[in-house]
Amino acid sequence: MIQVRLFTDNFYILDDGRVRQFLIVGEKKALLVDTGFPDSHVYEAVQSITDLPVQVIMTHADIDHAGGLKDFGSCRLHEADWNMVKEDVRLEPLREGDVFECGGYRLETIEIPGHTYGSTAFFDREKKLLLPGDSVQKAGPIYMFGAHRDLDLYIESQRKLCALAGQVETIIPCHHEYPIRPEYIGRNLEDAAALKRGELRGEKHPYLPCRSYKGKWTEFYYDK
Ligand SMILES: [Zn+2]
């Protein structure tokens, strides 16, 4: 069951306890960031909030974000994640610098490959709000195992976000605690770098094909 919360003016957070989406309602259209699991019923939740046309923009194409895409029919998604979408959905490219304005928000696209090759963040400079998908989290676990992941790129992307951290006040990740402070970008980076250097000890995950590595602040699920 999705919980809907009006977080700030025109900005709704949809949360089914596993993953969250963001809906911004403007005057003529609404903007939805991510679509949840196939059984999250994000479409119904959106319909209960607005009957305006909805534009979908995607942080990345993991199943917990792209599972509801077929209900919306089309989305903007970074091309590097297109091969992850199995359903018949109209995909339109999403690139660095693409801007989406709606309901007093101005979301700018930032490419942050690593968690997936096509991962993107959305940043409202004026509101100092960052939507990083899964790439920034308070404690994680951040999934970095299996196909579609690249730890080197993740580290590079965290560095790119770190350069913006001074302009960020609020980060709303798609999983676990929110909102979180901008310090967590650097904390995730520090722990990912330690993971890369082989300094973290991994424990076999009880059922996922990966090991759990706990850094000072962040847990990563990783398999190399
Ligand atoms: Zn996710």
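Axis angle, to the nearest 10 degrees, between helix 151-162 and the longest C-alpha principal axis of the chain: 60 degrees.
For residue 118, the amide hydrogen comes within under 5 Å of the amide hydrogens of 81, counting only partners 5 or more places away or on other chains and with H modelled in the peptide plane. The length gained by stretching the chain between residue 52 and residue 199 to full extension, at 0.36 nm per residue less their Cα-Cα distance, is 47.9 nm. Based on Cα atoms of the chain, Rg over Rh with Rh as the Kirkwood radius reads 0.95.
Remark: spin-label model distance residue 29-residue 155 equals 4.0 nm, labels positioned 7 Å along the Cα→Cβ axis. Under the simplified labelling scheme, the residue 99-residue 126 pair shows an inter-label distance of 1.0 nm, with each label point 7 Å from Cα along Cα→Cβ. State the answer as a single residue: which of 14, 49, 185 lies farthest towards the positive end of the charge dipole of the stretch 3-222, with beta carbon charges of +1 for Lys and Arg and -1 for Asp and Glu, about the Cα centre. It is 185, whose Cα lies furthest towards the positive end.
Near residue 56, the amide H atoms lying under 5 Å from its own belong to 32, 76; only residues 5 or more places off or on other chains count, and H is placed 1.01 Å from N. Angle, helix 183-196 long axis vs. longest principal axis of the chain, Cα atoms, 0 to 90°, nearest 10? With both axes taken from Cα atoms, the answer is about 40 degrees. Computed per residue of the chain from DSSP H runs no shorter than four, each worth -39500 (n - 2.57), the mean residue ellipticity at 222 nm is -5000 deg cm²/dmol.
Working ranking of peptides 130-141, 82-93 by packing, defined as the average number of other Cβ atoms within 10 Å per residue, highest first, is 130-141, 82-93.
Taking amide hydrogens as placed 1.01 Å from N in the peptide plane, the amide H of residue 142 sits under 5 Å from those of 219, 220, 221, each at least 5 positions away in sequence or on another chain.
Partners of residue 70 within straight-line reach, counting lysines whose Cα lies under 26 Å from its Cα and excluding those fewer than 8 residues away in the same chain: 28, 29, 86. Using θ = phi - 60° in the Karplus curve 6.51 cos²θ - 1.76 cosθ + 1.60, the 3J(HN,Hα) couplings for the stretch 85-96 round to 8, 8, 7, 7, 10, 7, 9, 10, x, 10, 9, 2 Hz; x is entered for Gly and Pro. Under a model in which nothing but the beta-carbon of Lys, Arg (+1) and Asp, Glu (-1) is charged, the stretch 3-222 shows a dipole of about 640 debye around its Cα centre. A convex hull fitted around the alpha carbon atoms of the stretch 51-175 yields 109 Å³ per residue. In order along the stretch 57-72, the Karplus-derived 3J(HN,Hα) couplings, from 6.51 cos²θ - 1.76 cosθ + 1.60 at θ = phi - 60°, round to 10, 10, 6, 4, 10, 4, 4, 7, 10, 9, x, x, 4, 4, 5, 9 Hz, and Gly and Pro are given as x.
Taking 0.36 nm per residue of sequence separation and removing the Cα-Cα distance, the residue 74/residue 183 pair yields an extension gain of 35.8 nm.
Sequence-ordered 3J(HN,Hα) estimates for the stretch 207-216 from the Karplus curve with 6.51, -1.76 and 1.60 and θ = phi - 60° stand at 9, 8, x, 7, 10, 9, 10, 9, x, 4 Hz, glycine and proline given as x.
No lab work stands behind these numbers, since they all come straight from the coordinates. Just so it is clear, the structure is predicted and the values come from calculations on it, not from any experiment. FYI the Cβ positions are ideal-geometry reconstructions off the backbone, even for glycines, and counts take in every protein chain you see.
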